[in-house]
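Just so it is clear, none of the values below were taken in a lab; they were calculated from the coordinates. Predicted model, so just to flag it, every value in this text is computed and none were measured. A quick note on method: Cβ atoms are made from the backbone with ideal geometry, for glycine too, and the neighbour counts reach across all protein chains shown.
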Amino acid sequence: MPPTPASTTTIVASLPALLGFIPEDSLVLITALTNDDGSVTTGPLARIDLTRITGHADDCARHVNRQCGNLPVFCVIGIVVRTVDEDNADGESLPQRTDVDSLIEQLAEHGFTDVDVVHVPAVAEGARWRSYRDADRTGVLPDPAATAAAAAAVAAGHTIAASRDDLAARFTPAPENLRARLQPHITDAVASAAIDESWHLTAHLRLARADAAISAATHGELPTDDSDVADLAATFATLSFRDALLAVPDDATRLAAENLVLHLWRHSCDPVAGQLAIVIAVHAYLRGSGTVARIALENADPQQPMTLLLSTVLDHAVAPSEARHVIENASADARRTLLSEPAIDQA
C-alpha cells in the first residue's frame, strides 16, 4: 500500500534535505521501514542519474535489494525528477514510462511489491507530482526549505546545495603553484609524523595541535600559515594519528573537523590528499551526509582499506548510528596506543 498523497508530498519536498542538494534529471528511490512498534520511518535511499536508467532497471532493483533486502520494508517510492512540458504532463505522457514500468517489475522480482513511482518536474514550491501507477494520485509541493527535514538538516549544520555539482565544487584544489610550494613542507612533516608515532610525548603534542585546530574550526578559524597547514596535513594523513582523531563529541565538531581537513586537502597533493579525503568521508558519513561522503571517496586513495570499507557501508546504507561506536572505540584505542609510555626493559 503506497503512502498517502499527503505523505508522498512531504517525501518529495524533503528530497533536498535528505540528499544534501536539489536533484535534477534523477531517479530517487526511498524505502519506508516498519518499526517494531508499528510506526513507519524513512529507510535507505538511492539517487541515480536518469541517463543510467534506460536498459538498466535490473541494476537499480539489485541495488535496492542490496541496500535493504533484510530490512522490514513497508513500501518503496521512486521519484523521477525531470523537466517536462506541464501542459502535456498527464498520466500517459510522464517521462521514461517504459523504464519506470520495467523498474517496478524488477523490484517485484526481488520481493518489493508495494511500489509507487511519481514524477515531479522540479523539487520546488508549487511543482505538481503525479503517480505513474495511479492517475488520481497527485499533489503540489510546498516550499522544500520549509519542511521538517530541511529544518532538521539546517539545525545539524548540513549543507543543502543547489545541485550535486555545487556540492562537489567544495572539492576544488587550491591553485597548483600553491600546492607545489607546500608539497616539500608537507613531505617533511609526514616524515616527522612518522617519527612522532613512536614517542608518546611528541605524539601528545601532535594530537594536541590537531585537537586545537578542530576546536578553532568550530569557530570558522582555519590555518593559514604554511607550517601549520603542512603539520596538520601530515597529522591527519598519518594512519595512527588519523584514527586517533576520528572520535569527536558531536555532529557540530564533526562538521568542523570535516571543514578543517577539506581545507588541508585543498592545499595538498597526492598521496597525502588521497589520505585526507578518507578523513573527510568518515566525518561526513558519521554526521549523516552520505552524498558528501561519496564525493569525498571519489577523491580518496582507492587502495586504502578504509576507502573500501566506507564504500561498502554506504552501498549497503548502514546507518551512521550503527557504525559510530565501532569507529569511536577504535579511535580511542588508537589514541591510547599513541600516548602510552613504552615499557622500559630492566637489566
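Placing +1 on the Cβ of every Lys and Arg and -1 on the Cβ of every Asp and Glu, with no other charges, gives segment 78-199 a dipole of roughly 480 debye about its Cα centre. Looking at the chain alone, DSSP beta bridges between its own residues are antiparallel in about 75 percent of cases.
Segment 229-244 and segment 3-32 have Cα centres spaced 38 Å apart. Treating r as the C-beta distance of D49 and D226 and R0 as 35 Å, the FRET efficiency rounds to 0.30. Near the amide H of F74, within less than 5 Å, lie the amide hydrogens of A32, L33, T34, all on another chain or at least 5 residues away, with H placed in the peptide plane.
Which value, in debye to the nearest 20, describes the size of the charge dipole of the chain about its Cα centre when Lys and Arg Cβ atoms bear +1, Asp and Glu Cβ atoms bear -1, and nothing else is charged?
Dipole magnitude for the chain comes out near 340 debye.
Annotation: peptides 284-293, 137-146, 112-121, ranked by per-residue average of other Cβ atoms within 10 Å with the highest first, follow the order 284-293, 112-121, 137-146. Pair-distance distribution of the chain: all C-alpha pairs, bin width 20 Å, starting at 0; shares per bin in whole percent are 28, 49, 21, 2, 0. Only one residue of A332, I195, F241 has its Cα farthest out toward the positive end of the dipole of the chain, where Lys and Arg carry +1 and Asp and Glu -1 on Cβ, and that residue is I195. Positive-end ranking of H56, A210, G20 along the dipole of the chain, with charges on Cβ about the Cα centre, is headed by A210. Taking Cα centre as origin and charging only the Cβ of basic (Lys, Arg, +1) and acidic (Asp, Glu, -1) residues, the dipole magnitude of segment 170-339 rounds to 160 debye. With N as its number of residues, segment 5-157 has a Cα radius of gyration that, divided by 2.2 N^0.38 Å, comes to 1.00. With helices as the sole contributors, the chain gives -16000 deg cm²/dmol at 222 nm; each DSSP H run of n ≥ 4 counts as -39500 (n - 2.57), and the sum is divided by every residue.
The amide H of V118, built 1.01 Å from its N in the peptide plane, has G78, I79, V80, Y132 as neighbours under 5 Å, considering only residues 5 or more places off or on other chains. Under 5 Å from the amide H of S26 lie the amide H atoms of L50, V81, each residue being 5 or more positions distant or on a separate chain, with H modelled from the backbone and absent for Pro and chain starts. Quarter the surface of the alpha carbon convex hull of segment 169-304 and you get the mean projected area, 7.6 square nanometres. Between A191, A256, A153, the Gaussian network model of the chain with springs among Cα atoms under 10 angstrom shows the greatest mean-square fluctuation at A191. In order along segment 252-262, phi translates into HN-Hα couplings of 4, 6, 4, 5, 5, 5, 4, 5, 4, 5, 5 Hz, rounded to whole numbers, per the Karplus curve 6.51 cos²θ - 1.76 cosθ + 1.60 with θ = phi - 60° and x for Gly and Pro. Between A124, N65, A155, the Cα set farthest toward the positive side of the dipole of segment 5-157 (charges on each charged residue's Cβ, about the Cα centre) is that of A155. Working note: Cα atoms of segment 9-50, range along each principal axis, descending, whole Å: 36, 16, 16.
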